1. Among residues belonging to segment 191-216 that are open to solvent by 20 Å² or more (accessible area, probe 1.4 Å) and more than 15 Å from L171 (Cα to Cα), point out the one that is nearest to the chain's Cα centre (by Cα).
2. Regarding F97, is this residue within 14 Å of ligand 2 (Cβ to nearest atom), open to solvent by 10 Å² or more (accessible area, probe 1.4 Å) and closer than 30 Å to P139 by Cα?
3. For segment 3-28, what are the residues that are over 20 Å from S274 (Cα atoms) and within 15 Å of the chain's Cα centre (by Cα)?
4. Got a sec? Which of E276, E296, E314, E250 is open to solvent by 80 Å² or more (accessible area, probe 1.4 Å) and either modelled with pLDDT of 90 or more or under 21 Å from I34 (Cβ atoms) (or both)?
5. Out of all the residues in segment 114-136, which are in a loop (DSSP other than H, G, I, E, B), open to solvent by less than 70 Å² (accessible area, probe 1.4 Å) and not aliphatic (A, V, I, L, M)?
6. Any residue at all in segment 181-201 that is within 16 Å of ligand 2 (Cβ to nearest atom) and touching an Asp or Glu at 6+ places or on another chain (Cβ under 8 Å)?
7. Go through the residues of segment 36-49 one by one and say whether even a single one is among the charged types (D, E, K, R) and open to solvent by 60 Å² or more (accessible area, probe 1.4 Å).
8. In segment 14-113, which helices (runs of 4 or more DSSP H) lie fully inside it and hold 1 or more residues that are closer than 30 Å to I249 by Cβ and within 16 Å of ligand 1 (Cβ to nearest atom)?
Amino acid sequence: MPLEVKDLEVSTFNGTKLVKKVFWKVNRGEISAIVGESGSGKSISALTVLNLLPENLKVSGKVIVDKIEPLKLKGKELLSFRWEKVAFVFQDPNSSFNPLLQVGEQVIEPMIYHGKVSSKEEAVRRGIELLELCQVPNPRERFFSYPHHLSGGLKQRCAVAMALSCSPSYLIADEPTTALDATVQKKILMLLKELSLNGLGIALITHDFGVVEEVADKVFVMYAGYTVEWGSKEEVLNSPKHPYTKGLIECTPKLSKAKKRKLKAIPGSVPEPSKEFKGCPFYPRCFKAKEICKEEFPPYTLLDGRGYACFFPEP
Ligand SMILES: Nc1ncnc2c1ncn2[C@@H]1O[C@H](COP(=O)(O)OP(=O)(O)O)[C@@H](O)[C@H]1O
Ligand SMILES: [Mg+2]
């Protein structure tokens, strides 16, 4: 039973569609990477899963998490869904912690609030175990540190530990390594991979195909509010069908692979959501575009667990 976002559309009350047709799916024990440039609607679709969108936005489409529909939940049910079923890790670890409280206190707060432990002592013991699981060195001491005592990478591990506080089935991590340096980034990714191998389903939001290559099992590529291509990591990386996916892959620097190639950039930028399109939103930036791409949104080609929306896919 997966976490599924189906045909999501999110618009403002004045009618601007921020997300037009987005779908993605995460199975337990797997990492699905949700990839796209800034402004493609990744964060909005992730916040929709937790029913956390600001009030100025309205949603149509469905989110189904192990048969539960979070968009229909209210009050206590919604609160327990948020930590016990699906937890969230944000891009900037600084925004996850209150600077005035010890880190450990904050890691265990959800499990106390949600009645997962019978005493404060048990919570502290589990909190230290969680820090250890997230590879925080000296977890016993770190538990009592204040956020400003910790480096960015360490703080992000603590944020993952906090997200695991109520043993959720799924974790949504929104660019969890974007604010960190490369070495720390790798360690956080390895931690996420290990957690997924132990059964957690992870939606990993990123704009970086390097991250995808490192840890993803499945990939969903988003552009300007649409899911434009999806498949297993191997399928998408080795034979991208959508020119946008191909372009993103070609923009990713590679250091270790023997085959040298020139780093490219995709010309132009993601269109503003207020810009209306009849055809393919990637048309103005696409090197393969023809007249029809301007006129019609390309039909989705659906294959087994794989798909794309392009009139002139890569061979
Ligand atoms: N509350 C909001 N009201 C109006 N527009 C918004 C709001 N939140 C995000 N947007 C716009 O929606 C688009 C998609 O945003 P977002 O999901 O944050 O993109 P991504 O995470 O892929 O970078 C962006 O153009 C952004 O400016
Ligand atoms: Mg974002």
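1. Residue satisfying both the conditions and the ranking: H207.
2. no
3. Correct list: L3, E4, V5, F23, W24, K25, V26, N27, R28.
4. E296
5. Selection gives H114, G115, S119, C134.
6. no
7. no
8. Here the list reads 42-49.
The values are calculated or read from the model by the stated rules, or taken from the named source; none is laboratory data. Being a predicted model, the structure only gives us computed values, none of them experimental. Cβ atoms come from the backbone with ideal geometry, glycine included; neighbour counts cover every protein chain shown. Ligands, DNA and RNA are stripped out before the accessible areas are found, and what is left, the full protein with its side chains, is counted by its heavy atoms. Shrake-Rupley method; radii C 1.70, N 1.55, O 1.52, S 1.80 Å.
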